[in-house]
Amino acid sequence: MELSAKYNPSATEDKWYAYWLEHKFFHSEPDEREPYTIVIPPPNVTGILHMGHVLNNTLNDVLIRKARMDGKNACWIPGTDHASIATENKVVAKLKSEGIEKESLTRGEFLKYAWEWKEKHGGIILSQLRKLGASCDWDRTKFTMDPDMSEAVINTFVYFYRKGYIYRGIRMVNWDPVGHTAVSDEEVIHRDTVSKFYHLRYFISDGNGNPTDKYIIIATTRPETIMADAAICINPEDERYHWLKGKKVLIPLINKEIPVIEDSYVEMGFGTGCLKVTPAHDVNDYEIGLRHNLPVLDIIDDHGRLNEKALILVGEDRFDARHKIEGMLREAGNLEKVEDYTSPVGYSERTNAVIEPRLSMQWFLKMDDLAREALESVESGKVKLIPDKYRNTYRHWMENVRDWCISRQLWWGQRIPAYYLPDGSFVVEPTPEAALEAARKINPAVTAEDLRQDEDVLDTWFSSWLWPISVFDPEMPGHPDHKPGKDLAYYYPTSDLVTGPDILFFWVARMIMAGNEFMHDVPFRNVYLTGIVRDKLGRKMSKTLGNSPDPLDLIAKYGADAVRLGMLLCSSAGNDILYDEAQIEQGRNFCNKIWNAYRLISGWKTDGDAVQPEASAVAVKWFRNKLHETVALVEDHFSKFRISDALMAIYKLFWDDFCSWYLEAVKPAYNTGIDRKTLEASEEFFEALLKMIHPVMPFITEELWHAMADRQEGETIMLQRYPSAGAYDSVLIENFGNACEAIAGVRNIRQQKNISLKETLELKVRTGFPTEVLPVIEKLANVKVTVTDSFGDTASGVSFMVKTSEFFVPLAGMVDTAEEIARLEAVIAYQEKFLETVRKKLSNEKFVNSAPEKVVAMERKKEADSLAKIAAAEASLKALKGE
RNA sequence: GGGAGCAUAGCUCAGUUGGUUCAGAGCGUCUGCCUUACAAGCAGAGGGUCGGGGGUUCGACUCCCUCUGCUCCCACCA
């Protein structure tokens, strides 16, 4: 059958993925083999595949496929994350577009919509991963809100509550007015933001609530909060304001009287040195308020609007209010001036809303003990971070961690299992039944109807930190004395985790905590932290910039293998990836190269009588050694998670060594058959190469592996053993490399002298050059080689050197003597300079005495080689000059 | 404000205890080729004072100090 000159991925990818699924090659069950386990970083259940996923899951798939081919029992657990805030936002937005407000729904009604949404959109991303070729064990797919997974979360909550780690308290939290929930400190992103610095006049009160003509100036970025001011604060050391001590001032517009207090928190040099204290809307002010017993007046509601306690601008959004109050203050004569000002402002990671510091009742998990142990796990090397520069960051975070705010004012998630009695006390139990029983111990009269469950749900990370445990045995979390199930006992701890550094703390650190707590062992051995995918200008991929390509479009255009290779080419661990479509083109081109190598080999016909040419014999011998050498190199790269280096080594082995040198060396002349030995060796090499590439490019390798031989139904390249590194003869490899250089030398001369490849030339080489590789030179350079001690008339030809071997091509009548003299003189000049530096070293006693023997010997060899080269060049020069 | 990291060819990056002829790779560039696997290709070539300065050493891309320029993380200066 005639094969197309181009590889067509669309014709093969779906076919082979279906084949793999049909034969359950991805499925794993515990057995006597060594397990190799990866849990997927669960993507948002309603998310769509983006380039970051492509990078991450390609790496995961390469590792898992490599392990599978290494004979391990490889298991990659897929699944999705319920992503409370993100998903709830999407559902709320969707309902809103249909004219339904969340507030108008009961919790149950809303959750019904949410589950419908999840059923419709959930899992899209998992099907996209199939397009990429991900070899996940789909039978084990998990979702963080599966009933048993949710149960694990509840049990964990109860466990830590009973342990005394979970408590409830009023805290200043980061309020997200768009998500209508508190978020953790880690979910707040601080960005320098241009705003205004308003200088306001606060008039001194005469004591009866009436303004005098004296005033002080206070600088603030948030004039809309002045109605909640509880005091004005000055530094007690500040002599400028001593006259203010004990006075009262009036809040502009509402004329409310508030005291002047003193606190060293105020910096005299900043702003006007005079601070308005608004305990309800600023973390520091809250602290000051506590010290000075100030009342807390909360004037902003869940949506970020002023409430009735503000007295004015009630119902206005905080930013509208800021704008409006500026005018009102100016009109009232309270606005001294407005300056531009840049200051860090907190934004919600999920909704990008400006965070409103707000007091509220929340649930917290004590972190100190958990963090201490989790730090130890990394410090001791039980968990290795790759690259290890993240250890510093990790340590810093673990040593400064604050208690984890785990409650969220949302409905989509695991509801906190705290049940309130009518008197306000509460019990924490895994089920309503158990809660009732416990409540009756407090008050026997309580009925099920009297109990009210806490309205909040748990932070999503409070479920995903259990992921490496609960996917195998959801009964384990919360029960550290439970006997792990068969799967958990076999697969835990998992082997490697591949994820982004942005969730090192959110997720990785907390998984380590949960692992230590419930399994008394870390959840994984190695954490490979990828970079962030950026565009080629270094900008983050984002929808608004429109610089984020759709991976499925790329797969459709170039093929999944090309996309995978393109992503890996530029991905060294921990470094950001500058994505460029050109890399994916390179991947496509590589597919094509593989495809065409197959076309060549598959077209060869054996000629039963043909004996193996010498050139083929040495090429076969050389490539076998080269293959062994490269496998060893690749294994070394893999062991150090240098995936892109491993890939490049294979890429060069295939393209340069196999295609450009080996195949050209053994390729039979036009219309002639090939000998059996060479054909068999070629097929063996090609198959080994396919196996080496398979983890990175699963589709094309499966296609060609099947095409090259009669395979049985149920056979697959993905379960073949990865080629093993055998011994190799580095002398042969070097000799062959020198032969290649000699070939290049002749080709170079041909190009310079414009001599066609079809014209056979003479090539002389000095005795001593390994004769074994000469047939290859003869074939690929189209030369007739003579080994000799004497080049004869070197004036009528061109010489060149490979390492220390001298070659000569007689070219009667074609030599530009002047040019050749100039070239040789340049060689001599360069070598003499080089020789000088070498001799300088060797004449330095300190060098000779203190440097290792090997290094000194090397310098002596350099000296000898250089002398030889000079001698050769000088001889040629002499001949040219006719001396 | 605190901490960490980076700076090597036009671009993206390797360079693994300071020592192989070590200044590298891929891509791009230039030159010549539609050569019977592949022009998404083949052959060949050019290209860098390893950010600046100083120091340690027989020897520094590699270790130390300093300057400059980027990046990231953490952080409550209104």
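The values are calculated or read from the model by the stated rules, or taken from the named source; none is laboratory data. Please read these numbers as outputs of a predicted model, since none were measured by experiment. Backbone-built Cβ (ideal geometry, glycine too); neighbour counts: all protein chains shown. Protein only, heavy atoms only, side chains kept; ligands, DNA and RNA dropped before computing areas. Shrake-Rupley method; radii C 1.70, N 1.55, O 1.52, S 1.80 Å.
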Practice item. Would you check which residues across region A:437-465 are more than 26 Å from A:His180 (Cα to Cα) and surrounded by 19 or more Cβ atoms within 10 Å (Cβ to Cβ) and list them? Key: A:Ala439, A:Val446
Practice item. Quick one: in region A:609-630, of everything that is out of contact with any Leu (no Cβ under 9 Å at 6 or more places or on another chain) and of a type in the set (Val, Ile, Thr), which residue is surrounded by the fewest Cβ atoms within 10 Å (Cβ to Cβ)? Key: A:Val611
Point to revise | Residue count, region A:557-589 (criterion: at pLDDT 85 or above, in a loop (DSSP other than H, G, I, E, B) and either farther than 17 Å from A:Ile700 by Cβ or open to solvent by 10 Å² or more (accessible area, probe 1.4 Å) (or both)) | key: 2
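Mind listing just one residue for me: the one in region A:129-176 that is among the hydrophobic types (A, V, I, L, M, F, W, C) and at pLDDT below 95 and, of those, most open to solvent (accessible area, probe 1.4 Å)? Quick ask: steps written out before the conclusion?
Initially, region A:129-176 is screened for residues among the hydrophobic types (A, V, I, L, M, F, W, C), giving A:129, A:132, A:134, A:136, A:138, A:143, A:145, A:149, A:152-154, A:157-158, A:160, A:166, A:170, A:172-173, A:175.
Subsequent filtering for residues that are at pLDDT below 95 retains A:170, A:172-173, A:175.
Details: A:Ile170: 97, A:Met172: 36, A:Val173: 10, A:Trp175: 9 Å².
That would be A:Ile170.
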Revision key, fill the gap. Among strands (runs of 3 or more DSSP E) entirely within region A:383-475, at least 2 residues that are among the aliphatic types (A, V, I, L, M) occur in A:384-386, A:426-428
**Study point:** Matching residues, region A:385-413, being away from RNA strand B (no atom under 16 Å from the Cβ) and open to solvent by less than 10 Å² (accessible area, probe 1.4 Å)
**Key:** A:Ile406, A:Ser407, A:Arg408, A:Leu410, A:Trp412
Review point. If you check A:Ser850, A:Ser866, which single one turns out to be more than 18 Å from A:Asn748 (Cα to Cα) and open to solvent by less than 50 Å² (accessible area, probe 1.4 Å)?
Key: A:Ser866
Point to revise | Output for region A:707-732, where each listed residue is open to solvent by less than 40 Å² (accessible area, probe 1.4 Å) and in contact with a Phe, Trp or Tyr (Cβ under 8 Å, 6 or more places away or on another chain) | key: A:Thr716, A:Ile717, A:Met718, A:Leu732
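Here's the yes/no breakdown for (1) more than 28 Å from the chain's Cα centre (by Cα); (2) assigned to a helix (DSSP H, G or I); (3) farther than 23 Å from A:Asn589 by Cα:
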residue: A:Glu629; (1), (2), (3): yes, yes, yes
residue: A:Glu635; (1), (2), (3): no, yes, yes
residue: A:Ser644; (1), (2), (3): no, yes, no
residue: A:Tyr662; (1), (2), (3): yes, yes, no
residue: A:Phe686; (1), (2), (3): yes, yes, no
residue: A:His706; (1), (2), (3): yes, yes, no
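Name the residue, out of A:Asp793, A:Asp816, that is within 30 Å of A:Lys758 (Cα to Cα) and open to solvent by 80 Å² or more (accessible area, probe 1.4 Å). Before the answer, list the steps.
Values: A:Asp816 fails: open to solvent by 80 Å² or more (accessible area, probe 1.4 Å).
Criteria check complete, one pass: A:Asp793.
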Point to revise | When residues of region A:370-379 are limited to those that are at pLDDT 90 or above and either acidic (Asp, Glu) or within 14 Å of RNA strand B (Cβ to nearest atom) (or both), the one surrounded by the most Cβ atoms within 10 Å (Cβ to Cβ) | key: A:Ala371
Check your understanding: Hey, any hits in region A:833-852 for a residue that's at pLDDT below 85, assigned to a helix (DSSP H, G or I) and away from RNA strand B (no atom under 16 Å from the Cβ)?
Key -> no
Check your understanding: If you check A:Lys784 against the conditions, is it in contact with a helix residue (DSSP H, G or I) (Cβ under 9 Å, 6 or more places away or on another chain), away from RNA strand B (no atom under 12 Å from the Cβ), over 27 Å from A:Ala739 (Cα atoms) and open to solvent by 70 Å² or more (accessible area, probe 1.4 Å)?
Key -> no
Review point. So which residues in region A:527-584 are more than 30 Å from A:Arg391 (Cβ to Cβ), away from RNA strand B (no atom under 13 Å from the Cβ) and not hydrophobic (A, V, I, L, M, F, W, C)?
Key: A:Lys543, A:Thr544, A:Gly546, A:Asn547, A:Ser548, A:Pro549, A:Asp550, A:Pro551, A:Asp553
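Do you know which residues across region A:666-684 are away from RNA strand B (no atom under 12 Å from the Cβ) and either within 31 Å of the chain's Cα centre (by Cα) or in a helix (DSSP H, G or I) (or both)? Give the derivation first.
Kept after step one, since they are away from RNA strand B (no atom under 12 Å from the Cβ), are these residues of region A:666-684: A:673, A:675-681, A:683-684.
The answer is A:Arg676, A:Lys677, A:Thr678, A:Leu679, A:Glu680, A:Ala681, A:Glu683, A:Glu684.
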Check your understanding: Name the pairs whose Cβ atoms lie under 7 Å apart, with the first residue in region A:198-216 and at pLDDT below 90, the second among the small types (Gly, Ala, Ser), and 6 or more positions between them or separate chains?
Key -> A:Pro211/A:Ser205
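Taking the options A:Asp496, A:Asp481, name whichever one is within 27 Å of A:Val533 (Cα to Cα) and not in a helix (DSSP H, G or I). Outline the logic, then answer.
Numbers: A:Asp481 fails: within 27 Å of A:Val533 (Cα to Cα).
Being within 27 Å of A:Val533 (Cα to Cα) and not in a helix (DSSP H, G or I) holds for just one of A:Asp496, A:Asp481, which is A:Asp496.
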**Study point:** Subset of region A:267-316 (residues that are surrounded by 17 or more Cβ atoms within 10 Å (Cβ to Cβ) and charged (D, E, K, R))
**Key:** A:Lys276, A:Asp282, A:Asp285, A:Asp301, A:Arg305, A:Glu316
Check your understanding: Within the set of pairs 6+ apart or on separate chains, which have a first residue in region A:788-802 that is of a type in the set (A, V, I, L, M, F, W, C), a second that is in a strand (DSSP E or B), and C-beta atoms under 7 Å apart?
Key -> A:Phe791/A:Lys764; A:Phe791/A:Phe808; A:Val798/A:Val809; A:Phe800/A:Phe807
Point to revise | One residue from A:Ser343, A:Ser348 being at pLDDT below 90, out of contact with any His (no Cβ under 9 Å at 6 or more places or on another chain), open to solvent by less than 40 Å² (accessible area, probe 1.4 Å) and under 30 Å from A:Thr272 (Cβ atoms) | key: A:Ser343
Review point. Between residues in region A:652-674 that are over 12 Å from A:Lys593 (Cα atoms) and residues that are more than 6 Å from RNA strand B (Cβ to nearest atom) and in a loop (DSSP other than H, G, I, E, B), which pairs lie under 6 Å by C-beta distance while being six or more apart or on different chains?
Key: A:Gly673/A:Lys605; A:Gly673/A:Asp607; A:Gly673/A:Ala610; A:Ile674/A:Trp604; A:Ile674/A:Pro668
Exercise for review: From (1) in contact with a strand residue (DSSP E or B) (Cβ under 6 Å, 6 or more places away or on another chain); (2) surrounded by 15 or more Cβ atoms within 10 Å (Cβ to Cβ); (3) not polar (S, T, N, Q), pick out the condition that doesn't hold for A:Lys382.
Suggested key: (1)
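Among A:Leu690, A:Leu600, A:Leu704, A:Leu663, which is out of contact with any helix residue (DSSP H, G or I) (no Cβ under 6 Å at 6 or more places or on another chain), within 15 Å of RNA strand B (Cβ to nearest atom) and open to solvent by less than 30 Å² (accessible area, probe 1.4 Å)?
Working: A:Leu690 fails: out of contact with any helix residue (DSSP H, G or I) (no Cβ under 6 Å at 6 or more places or on another chain); A:Leu600 fails: open to solvent by less than 30 Å² (accessible area, probe 1.4 Å); A:Leu704 fails: out of contact with any helix residue (DSSP H, G or I) (no Cβ under 6 Å at 6 or more places or on another chain).
A:Leu663 is the lone residue from the list that is out of contact with any helix residue (DSSP H, G or I) (no Cβ under 6 Å at 6 or more places or on another chain), within 15 Å of RNA strand B (Cβ to nearest atom) and open to solvent by less than 30 Å² (accessible area, probe 1.4 Å).
Which strands (runs of 3 or more DSSP E) sit wholly inside region A:754-827 and have at least 3 residues that are not β-branched (Val, Ile, Thr)? Talk me through it step by step, then tell me what you get.
Numbers: elements: A:761-766, A:783-788, A:797-802, A:805-810.
Those strands (runs of 3 or more DSSP E) span A:761-766, A:797-802, A:805-810.
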Practice item. Return the residue satisfying two criteria in turn: it lies in region A:746-778 and is in contact (Cβ under 8 Å) with a residue 60 or more places away in the chain and more than 21 Å from A:Asp816 (Cβ to Cβ), and of such residues it is most open to solvent (accessible area, probe 1.4 Å). Key: A:Glu772
Check your understanding: How many of the residues making up region A:59-87 are part of a helix (DSSP H, G or I), among the hydrophobic types (A, V, I, L, M, F, W, C) and under 11 Å from A:Val45 (Cβ atoms)?
Key -> 1
Review point. Restricting attention to region A:445-462, does a residue exist that is within 16 Å of RNA strand B (Cβ to nearest atom) and in contact with an Asp or Glu (Cβ under 7 Å, 6 or more places away or on another chain)?
Key: no
